[in-house]
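Contents: one structure, followed by commentary.
The values are calculated or read from the model by the stated rules, or taken from the named source; none is laboratory data. All of these numbers come straight from a predicted model, not from anything done at the bench. As a convention, Cβ positions derive from the backbone with ideal geometry for all residues, glycine included, and neighbour counts pool all protein chains shown. Note: accessible area is taken over every heavy atom of the protein model, side chains too, but ligands, DNA and RNA are not part of it. Shrake-Rupley method; radii C 1.70, N 1.55, O 1.52, S 1.80 Å.
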Amino acid sequence: MPYESKLALSLVPYVAGEQPKGRTFIKLNTNENPYAPSPRVEEALRGLTDSLRLYPDTEATRLREAIARVNGVAPENVFCGNGSDEVLAFAFAAFFAGKRLVSADITYSFYPVYGQLFGVDYETVPLRDDFTVDVDGLMRGSPIALANPNAPTGIFLPLSGVRRLAEHCHAHDAVLLIDEAYAAFAPENAVPLLAEYDNLLIIRTFSKSHALAGMRVGYAIGAPRLIDALRRVRDSFNSYPVDRLAQAAAEAAVLDTAYTAESTRRVIAARDKCRAALLAAGIDVLPSATNFLFVRADAEDAAPVQQALRNDGILVRHFSAPRLKPWLRVTVGTEADMEKVTDALIRHIRHS
Ligand code: PMP
């Protein structure tokens, strides 16, 4: 008998993007924000050291109130966790364990990992040839989980499509999970549908739009019944997932809406400028409603272009799945970063 459980031996874990040590890179491989968090975050963190001897507020009350206020919902509609990855994991346990879940073949690659961890029968529906979501295809079953905008494509499914999925899941007494990690960079989000659908769970993160990837804070918005189920799972695992520093930092960040709006505007402008320049150079780039671009860097395999960029000091992400292999995912950095990566991509793709 091995020491490990059958489960531990059978897991196929998620592989996160590289966090380089030593050499300094232009780091465009994990969709972090190129700008610092709101200056109010530093103020909020000052003087908290003494309070660290006490456990944090398990309900993250002040943070939930702040998130609720900014999103026009009630605190009872909000749940906070240690990064949206944890909130996603809790949601898989709370709503999908032991069920057949439908998702897209190309989406956030953590979903099948959680599926395996929590005994979910995970069924995938291919994206269409243009990488848009096949809404009718997804409706072959329920519950459904989808990232919108999707990753790593960056493509946004308009609200009319999300509404059809919510309606379908509602008719089958099932949850629709919409992962809105990148919704701050998109034209609309699913919050307006919450008033109509008590089976809709929206999951968000502070890692991208609020520049707090290092703090690990994520949240869910949904009907109180869904929030209660997440709480039950949390309290069966770790009662204090969001520490004191993270609660204070995220509260300050979410309330500084003017700062977030401005840094988001800059990211969107740099994204659209880079995409236009690549398209003008004859390079295929999917439309993006996120803080990254999905760039076709080779007819077959973009790995050599990724390596050439690395040699130039620029990190981007490559996925080895068959349909994704020709593409690179490039996080949107500062204006200066984007000028460099645009030039480098044009140079290396022409010569590959
Ligand atoms: N959802 C999607 C679609 C993502 O790309 C990411 C970032 N890797 C996450 C969730 C997780 O974000 P975090 O755990 O940093 O909140």
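Obtain the radius of gyration and the Kirkwood radius of the chain from its C-alpha atoms and give Rg over Rh.
With Rh from the inverse mean 1/r over Cα pairs, Rg/Rh is 0.96.
About its Cα centre, how strong a charge dipole does segment 221-352 have in debye, to the nearest 20, once Lys and Arg get +1 and Asp and Glu get -1 at the Cβ?
320 debye
Would you please give the residues with an amide H less than 5 Å from that of Asp179, counting only those at least 5 places away or on a separate chain, with H modeled from the backbone geometry?
The answer is Leu146, Ala147, Asn148, Ile203.
Just want the answer: with Cβ charges of +1 for Lys and Arg and -1 for Asp and Glu, which residue in Ala220, Ser207, Trp327 is farthest toward the dipole's positive end in the chain?
Toward the positive end, the furthest listed residue is Trp327.
Taking only C-alpha pairs under 8 Å that are 6+ residues apart, what is the relative contact order of the chain in percent?
Result for the chain is 23 percent.
For the chain, what is the calculated [θ] at 222 nm in deg cm²/dmol (nearest 500), taking -39500 (n - 2.57) for each run of four or more DSSP H residues and dividing by its residue count?
For the chain, the value works out to -11000 deg cm²/dmol.
Nearest 0.05, what FRET efficiency do Gln116 and Ser160 give at R0 = 30 Å with Cβ-Cβ as r?
0.40
State the extension gain, in nm to one decimal, for the chain segment bounded by Ala36 and Arg225, taking 0.36 nm per residue of separation less the distance between their alpha-carbons.
The span from Ala36 to Arg225 would gain 64.5 nm if fully extended.
What's the extension gain from Ala97 to Thr132 if we count 0.36 nm per residue and subtract their Cα-Cα distance?
9.9 nm
Say a paramagnetic label sat at a point 7 Å from the Cα of Ala299, along Cα to Cβ; which residues of segment 312-352 have their backbone N under 18 Å from it?
Hits in segment 312-352 for Ala299 at 18 Å: 323-328, 348-352.
For Glu76 paired with Leu7, estimate the spin-label separation in nm (one decimal), with each label point 7 Å from Cα along the Cα-to-Cβ line.
3.3 nm
Over the chain, with a Gaussian network built from C-alpha contacts below 10 Å, which listed residue (Asp130, Asp284, Asp256) shows the highest mean-square fluctuation?
Residue with maximal mean-square fluctuation among Asp130, Asp284, Asp256: Asp130.
Taking all protein chains together and a probe of 1.4 Å, list Asp272, Asp179 from the most accessible to the least accessible.
Ranking Asp272, Asp179 by accessible area, largest first, yields Asp272, Asp179.
What does the charge count near Pro75 come to, summing +1 for each Lys or Arg and -1 for each Asp or Glu among other residues with Cβ under 14 Å from its Cβ?
-2
Using a 1.4 Å probe and counting only protein heavy atoms, arrange Asp105, Asp173 so the residue with the most accessible area comes first.
Asp173, Asp105
Which value in Å is the Kirkwood Rh of segment 258-331 over different Cα pairs?
Kirkwood radius, segment 258-331: 13.1 Å.
For Thr61 and Glu339, calculate 0.36 nm times their separation in residues minus their Cα-Cα distance, and state this gained length in nm to one decimal.
Contour length minus Cα-Cα distance gives 95.8 nm.
Would you mind giving the average projected area, over all directions, of the Cα convex hull of segment 133-215 in nm² with one decimal?
Mean shadow area of the hull around the Cα atoms is 5.6 nm².
Any idea what the dipole of the chain comes to, in debye rounded to 20, about its Cα centre with Lys/Arg Cβ at +1 and Asp/Glu Cβ at -1?
Computed about the Cα centre, the dipole is about 540 debye.
Straight-line reach from Lys99: which lysines have Cα under 30 Å away, leaving out those fewer than 8 places along the same chain?
Partners found: Lys6.
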